[in-house]
Amino acid sequence: MKNPIIDLEQRYGAQNYQPLPIVLVRGEGVYVWDDAGNRYMDMMGAYSAVSHGHCHPKLVKVLTEQAQTLAVVSRAFYTDKLGLFLKKVCEATGQERALPMNTGAEAVETALKAARKWAYTVKKVPADQAEIIVCRGNFHGRTIAIVGMSSEKQYRDGFGPFPAGFKQIDFGDASALEKAITPNTAAFLVEPIQGENGIIVPPAGYLKACAEICRKHNVLMICDEIQTGIGRTGKFLASEHDGIKPDAVVLGKALGGGLLPVSVFLSRKEVMDVFTPGDHGSTFGGNQLAAVVGIAALDVLQEEGLIAKAAEMGAYLLSRLQALKSPLIVDIRGRGLLIGLEINPSYYSARDLCLKLLKYGILTKDTHGTVVRLAPPLIIQRDQIDTVVSAISQVLAEAEQEVKGEKNKA
C-alpha cells in the first residue's frame, strides 16, 4: 500500500537518499514512532547526532527558552551565550580556541582553510603549494573539496574538477603517513574510527604513532571526531584511547543534542590566530540557540555519566554480538557504542537485514550494503540491548534459511 507522505517526498525531493520505507513522526529517548503508531528502537542515532536520546527534556527546555528570547543575530554582534559555549567546548577538548560553524562539513572546511593558512603564515610553505594528507576510505562530508579527497567513486563521480593539494594514504598504516610527508605538508586529517567506511577501527597505537610523526615533521594532526566524539566510543574523544591530544579537533553531530546542527573547529592559539576579521565566517555559526544547546549537551553528557555508559553498554553489546554464530557474519567490530556488523555480500545484503529488522521494531541503516551500523543513543539500557541482539539473531536465522532455499533451488 502506498504511503502519501513517502509519495510526496519522492515527488518533490531530489533522490539523493534511499530511506527505509517508514515515516517517523515522534521520538523519545531511544525510541521513535511511525505514522501508524509502531514503535522502533533507534539503533542508528542519526549517525551519532542523537547521542543524548530523542527530545531530551533538558535540551528541549533550553532550546525553547532561548528561542523565545533571542535566536539569531549573526556574528556581527557579541551575544551573551557564545563565549560560555566556546569556553566549555575548549575545556572539554583541551584546546585553546574554537571556531563555531553549523554542519560537520562546514567545520571540516574550516579545518582545511586553517591548515593551509597556517602552513603559509607559520610554517612558510610556498604560496599555493600546501598539501593535506587524508586516508583512503575517509568520510568528512560532501562539499566539492571534501569529496575531492575521497576514495569513494560514487562520491566523486560527476562532480569534478576538484581542488588540488590532497594526498591519500592507507588508513591504519603510520609508516604510509611518514612516507607521504614532504616539506609542503600542512596537515594530516584523520578519523579515529572510520564510520561511513564500515566502522573500521585502526590498530592500537596508530593515532599515537601518527601524532609523533606529525610532531617530528611540524605537520598539524587534525582528528575528525564528528561521529566519534562527544562520548560515543567511551571517551569524550576517540583519540583519547591512544592517549594523544591532536593539534586540532573537529566536532559536530551530538554537539547539537539531536535538535539542531552545531559544529566547531578547535585548535591551539597559533593555528587559530591565522584567521583575521573577514577571512572566514557563517551567518548561523555560533548563534544563540546553538550556543545554549551546545552547553546543555556537554552538561548532560557529564551529569548523566553518558561517557561511562557508552563504554559499559558498548562492551556489553559487542560481547553479545560476538556470541552470535552465523555464516553470514564476516566481522563484528567497534568501540563503545559505535559498532559495525559486517555481512558477507556474497550471501546477503546488509540493507535487506535492516529491512528485516523493521518488523522486529529495530531501526538502523547499512553502510555500502555490507555493514549494519549500530550507534544507538548513549542512554540505551542493558535490557534494550538484549532486545536488539535477539532481533538480530532472528533475522540472521531467517536470512540463512533464505540463502539455503536459494541454493536448493539452484
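Quick note: the coordinates plus some simple rules give every number you see, no bench work behind them. What you see is a predicted model, and the numbers here were worked out from it, not measured in a lab. When we count neighbours, we look across all protein chains shown, and the Cβ atoms used for this are built from the backbone with ideal geometry, even at glycine.
Peptides 339-352, 69-82 ranked from most to least packed give 339-352, 69-82, packing being the mean of other C-beta atoms within 10 angstrom over each peptide's residues. For the chain, the share of DSSP beta bridges that are antiparallel, to the nearest 5, is 65%. Take the Cα of Thr121, go 7 Å toward its beta carbon, and the backbone nitrogen atoms of the stretch 231-265 under 19 Å from that spot belong to 247-249, 265.
Highest GNM mean-square fluctuation among Thr283, Thr110, Thr367, for the chain modelled with Cα contacts below 10 Å: Thr283. Peptides 385-392, 299-306, 192-199 ranked from most to least packed give 192-199, 385-392, 299-306, packing being the mean of other C-beta atoms within 10 angstrom over each peptide's residues. For the listed residue pairs Lys87/Lys269; Lys123/Lys253; Lys88/Lys124; Lys58/Lys88; Lys88/Lys253, the alpha carbons are over 25 angstrom apart in Lys123/Lys253; Lys88/Lys124. For Met221, the amide hydrogen comes within under 5 Å of the amide hydrogens of Phe188, Asp247, Ala248, counting only partners 5 or more places away or on other chains and with H modelled in the peptide plane. Dividing the convex hull volume of the alpha-carbon atoms in the chain by its residue count gives 162 Å³ per residue. Helix 104-118 sits at what angle to the longest principal axis of the chain, using alpha carbons and giving 0 to 90 degrees rounded to 10? Taking Cα atoms only, the helix is inclined about 30 degrees. Counting Lys and Arg as +1 and Asp and Glu as -1 over every other residue whose Cβ lies under 15 Å from the Cβ of Tyr316, the net charge comes to +1.
The local environment of Val32, defined by Cβ-Cβ distances under 14 Å, has a net charge of -1 under the rule Lys, Arg +1 and Asp, Glu -1. Peptide packing: for 111-119, 36-44, 151-159, the average count of neighbouring Cβ atoms within 10 Å per residue gives the ranking 111-119, 36-44, 151-159, highest mean first.
Result for the chain in a Gaussian network model with C-alpha springs under 10 Å: among Ala67, Ala130, Ala238, the largest mean-square fluctuation is at Ala67.
The angle separating the long axis of helix 288-303 from the principal Cα axis of greatest extent in the chain is about 60 degrees. Annotation for Lys153 and Leu70: the two label points, set 7 Å from Cα along the Cα-Cβ direction, are 5.3 nm apart.
Apply the a/c threshold of 1.5 to the C-alpha gyration tensor of the stretch 94-143 and tell me whether it is rounded, prolate or oblate. It comes out oblate by the Cα gyration axes.
Taking His368, His54, His140 as the candidate residues, the one with maximal mean-square fluctuation in a Gaussian network model of the chain, Cα springs under 10 Å, is His368.
Taking the Cβ of Leu70 as the center, what net charge do the other residues with Cβ under 9 Å away carry, scoring Lys and Arg +1 and Asp and Glu -1? Net charge around Leu70: 0.
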